[in-house]
1. For log10 I(q)/I(0) by the Debye sum over Cα atoms at q = 0.17, 0.28 Å⁻¹, which listed value, (1) -0.73, -1.11; (2) -0.62, -1.11; (3) -0.90, -0.95, comes from the coordinates shown?
2. Which length gain, in nm to one decimal place, applies between F11 and R43 when the Cα-Cα distance is subtracted from 0.36 nm times their residue separation?
3. Step through the residues of region 26-32 one at a time and calculate ³J(HN,Hα) from phi using the Karplus curve (6.51 cos²θ - 1.76 cosθ + 1.60, θ = phi - 60°), rounding each to whole Hz and writing x for Gly and Pro.
4. Restricting to Cα pairs below 8 Å that are 6+ residues apart, what does the relative contact order work out to for region 6-49? Please round to a whole percent.
5. Can you work out the Karplus-derived ³J(HN,Hα) for every residue in region 13-22? Use 6.51 cos²θ - 1.76 cosθ + 1.60 with θ = phi - 60°, whole Hz, and x for glycine or proline.
Amino acid sequence: MSTPPVLFLVFRRPDTTARVMDVIRAARPPRLYVAADGPNPARPGEAEKCEA
């Protein structure tokens with residue numbers, strides 16, 4: 001039985017992202033895809049948070 005790849009969707013919540021990434025790292029999936037949504041131009045300061 002083959003192990004499926006993992007798609008990790010991230011947006012905000014850096015603490016949660018770090019905890020989930022620790023679990024993914026321990027699982028050692030054969031492929032890991034990470035997708036992140038971009039900043040909302042209507043929200044001031046969000047672009048800076050996405051760059052961090």
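1. The value computed from this structure is option (2).
2. Values: separation 32, 0.36 × 32 = 11.52 nm, distance 1.43 nm.
Gain on stretching F11 to R43: 10.1 nm.
3. Karplus-based 3J(HN,Hα) across region 26-32 equals 5, 6, 6, x, x, 9, 10 Hz.
4. Relative contact order of region 6-49: 48 percent.
5. Each residue of region 13-22 in turn: 6, x, 5, 5, 4, 5, 5, 5, 4, 4 Hz.
Values quoted throughout were computed directly from the atomic coordinates according to the rules given, and no laboratory measurement underlies them. Quick caveat, the model's predicted, so the values are computed rather than measured.
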